[in-house]
Every structure is written in structure tokens, then in C-alpha cells.
1. Conditions: (1) buried (at least 20 other Cβ atoms within 10 Å of the Cβ); (2) within 12 Å of chain A (Cβ to nearest Cβ). B:L152 meets all but one. Number of the miss?
2. Might you let me know whether the stretch B:94-111 holds any residue that is touching a residue at least 60 places away in the same chain (Cβ under 8 Å), more than 14 Å from chain A (Cβ to nearest Cβ), within 21 Å of B:D203 (Cα to Cα) and not in a helix (DSSP H, G or I)?
3. Regarding A:T162, is this residue within 17 Å of the chain's Cα centre (by Cα) and hydroxyl-bearing (S, T, Y)?
4. Within the stretch B:58-86, track down each residue that is in contact with a Lys or Arg (Cβ under 9 Å, 6 or more places away or on another chain) and either over 29 Å from B:L144 (Cα atoms) or open to solvent by 40 Å² or more (accessible area, probe 1.4 Å) (or both).
5. Identify the residue in the stretch B:100-131 that is hydroxyl-bearing (S, T, Y) and within 18 Å of B:V28 (Cα to Cα) and, among all such residues, is surrounded by the fewest Cβ atoms within 10 Å (Cβ to Cβ).
6. Kindly indicate whether B:R134 is surrounded by fewer than 20 Cβ atoms within 10 Å (Cβ to Cβ), among the basic types (K, R) and modelled with pLDDT under 90.
7. Could you give me the residue pairs with C-beta distances under 6 Å whose first residue belongs to the stretch B:188-213 and is under 26 Å from B:P166 (Cβ atoms) and in contact (Cβ under 8 Å) with a residue 60 or more places away in the chain, whose second residue is in a loop (DSSP other than H, G, I, E, B) and among the polar types (S, T, N, Q) wherever it lies, and which are 6+ apart or on separate chains?
8. Given the options A:L122, A:L155, name the one that is in the same structural domain as A:S188 (by TED's automatic domain parsing), closer than 17 Å to A:Q178 by Cβ and within 14 Å of the chain's Cα centre (by Cα).
Number of protein chains: 2
Amino acid sequence: MPAIASPPPKMGLRQRQKIERQNLILEVAQKRFSEMGYVDTTIESIADEAGMSAVSVFNYFGSKVGLLFALVKESDTRLLAKLRNLSDERHEEAVEAVAEFARIIHDNATTYLTKRLWRRVLAASIVEQSSEFRTQYKDLDLELQKQLGHLLVALQHSGRLTPDAPIARLTETLFMLQNSRFVQYMSSDTILEAEADVLFRADASLVLEQFSN
Amino acid sequence: MPAIASPPPKMGLRQRQKIERQNLILEVAQKRFSEMGYVDTTIESIADEAGMSAVSVFNYFGSKVGLLFALVKESDTRLLAKLRNLSDERHEEAVEAVAEFARIIHDNATTYLTKRLWRRVLAASIVEQSSEFRTQYKDLDLELQKQLGHLLVALQHSGRLTPDAPIARLTETLFMLQNSRFVQYMSSDTILEAEADVLFRADASLVLEQFSN
């Protein structure tokens, strides 16, 4: 289990303490959700192990689904840092660069939360329509999509995609495909990472080949 | 609310009665789920309105999610009948024929269940990993995908797709895209049918243009 990021050093003491308490709750929640499952974990048991009251946990995160979403946010923050460092230079072909983008998303996701928990997150992102959860989840997705757009632009600049490649269109469709392969991968206990990679690569080839040099 | 299909005439009396009872339960469930929402509807209230015991309902459908899934199955049976009648002759362009395929899926889905209920179905299809629900749901999806494959073959035979168009590959990727646009449409109360159509058509164009005559 990766450690949760520590707060920046220049913060006031109270603010630091608050963030440290929140991080502790997140660490306990991550452990408990993974070990006991989402449904069987209570807010009370998390508060207990973190040495706080259930009321504090509710105050910080609103609800159990709020806690789950805070973990997703944490996971996505790390992910975005990794994707920003993704160089388009490593791959001869556009398809390979895009496949690596998807692989980083899968790797990061499964390092941080179990497949079972991701299924809860994905289900909540569909059902919790009107809530803050969905809005924030969509924002994270848009941020990921933007990173994919940057990658495609870089691939075009270096000539691995043709000048007439419709970047905005490619970004949206490829992101849709990446996303559905992610859901497929998370929804099944039997699909291995390598298989998920092959599936998405086939989609990406079909879309990108016409614009590849 | 469309009426539920009646049993074939050559069946024995007992079997007919059983199917009629099941259909009555499904009609009541469809109405109650749509009006009261899935969470607030109890098996007991459905049994009550259908004039049966809750035990009968459990015996026929297993659980509330089983009942929801039986409605999806009913909806998909109608859908498959419509898709089998879908002629590839009506459209000049492959993209238009594929877009109509998606439109029929949307129309059928929303005629039969509300968007809110579809969100429950989609969430359950992700979370209920090991259950019969997921297996059956996947089978229905495969059947839909097969219909899309037939359509693409017909489009190739009539020359609207080039002879080198990789039908199996196109079928899988286009079905993935259709599916994620379906989830996007159902997940949002604000996306209109016409917008969903535009979104999927853009995906389909990107994929099909390279193989269109």
C-alpha cells in the first residue's frame, strides 16, 4: 500500500494537523476497504482504528462514498503526475505511445485500489447522478482526457501522426475507448493486464492507423 | 408503458398460468420501479399489487435485482427483434446505418425503462461480478454485438464498406463505442437523444471513413 502524500511544509500548524488527520483516515480507509470490502466496512470502524470519532470522519468526508471518492482523487493526483512525465519520445509508433498511456492508468489504479473497489467507484459514478461525486469524477476524467490530447499533439509535432490528423476528435474517441476498456478490465477478475493491453491496442490501431506515418 | 409479450398459444395450461403470473409481476415491477424508484420499491409492495405473496415473487425472480434484470431481458428481446428487421438498404452511407443501429438501442431502452433504472442496471452489471446477472448481461451484449456484425457484413456486401474493411475488428471497436455512449447518455439527465446521436456518429465516422466508398 503506497503511503499518502504528506502536506507541503509551509502550512500553518492547525492546517497541517487537519491534513495529517485526513491522511490518516484515508490510509485506514484504503486498508479496510481493500481487506474487508466496501460494503462490510463501517465509518465507525475506520474512525476507531484512526483513533478519532465517527463525527470527525463524517465532517471531513461527508459519507462512506465520499471517503471512497477521496481515495480516487488521491489516486488520480498521482496518476496525473505520472502522465505529465510521460514522454512521447519513447515509442516509434503512435499506437504504442497511446497504449502506454492506458497502461499507466491501469497500473496506477490497481496499485492504489483493488478491482472490487474500482467496481464500486464506477458504479457510483453512474448512479450518483446529481451529486458532487459525479461532477468531480467527470472533472478528473476531463483532466485525463486533456493529457491524452497533449500526447497526441506531441505525436503529431514529431511526425508520428500526419498533419491532417483531427486531434480533438481522436482524443475524444480514443479516450472513450480507453475508458470502456478500463471498465471492462475492472469489471472482470479474470482479464489480465496484458490482455487489457492487447484489447485497447487493437482499438487504438483501428483508429490511428489511417493517420500514422 | 408497453404491454409485456403474451405466452405462445400451444403451451400447457399450468405453464401458461405461470408465465402470465410472471408477466403480471414484471408489469407491476416496471411501473413501481419507474414511479417510486428502484431503492424505494420493495418486493412486498410489488407482490401486494400483483395479488401474490412475496414468496412467489422471490421464487420466480430470486431478488429485487433479479426482477430488474428480468425487465432488461424483456427489453432486450424486443430490441433484438427490431434490430433483426433493421435493413441496411435505407442508408447511403455506412455511418448512417450504424448510427441508426445505436438510435434503435436508445429508443428501445428508454421506452421500456427510465434512465434512472438504467443507471441501476449498468451499476449492477459492473458490481455484481460473480453473479448470474453479469453472465446473462454479457450474453445479451454479445448478441447485440453479433447484430452489429451482421449489419457491417451487409454494408460490405453492398459496397458501402470496402472489401478490405476488417469486419470483426470494426464490430468490436464500434460496439465498445456504442456502449460507452449508451452509458454516457443514461448517466446524464441533461444529454438529449439527438446529442447522443451526434456524439456516436462522430466516433463512428472516425472509425469507418477509412473503409467507406
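1. B:L152 satisfies all of (1) buried (at least 20 other Cβ atoms within 10 Å of the Cβ); (2) within 12 Å of chain A (Cβ to nearest Cβ) except (2).
2. No.
3. It is false that A:T162 is within 17 Å of the chain's Cα centre (by Cα) and hydroxyl-bearing (S, T, Y).
4. B:Y60
5. My answer is B:T111.
6. Yes.
7. B:F211/B:T162
8. Of A:L122, A:L155, the one residue that is in the same structural domain as A:S188 (by TED's automatic domain parsing), closer than 17 Å to A:Q178 by Cβ and within 14 Å of the chain's Cα centre (by Cα) is A:L122.
The values are calculated or read from the model by the stated rules, or taken from the named source; none is laboratory data. In this text the structure is predicted, and so the values were computed from the model without any measurement. Quick reminder, even Gly has a Cβ in these numbers, built from the backbone with ideal geometry, and neighbours come from all protein chains shown. Keep in mind that these areas ignore ligands, DNA and RNA; they rest on the heavy atoms of the full protein, side chains included. Shrake-Rupley method; radii C 1.70, N 1.55, O 1.52, S 1.80 Å.
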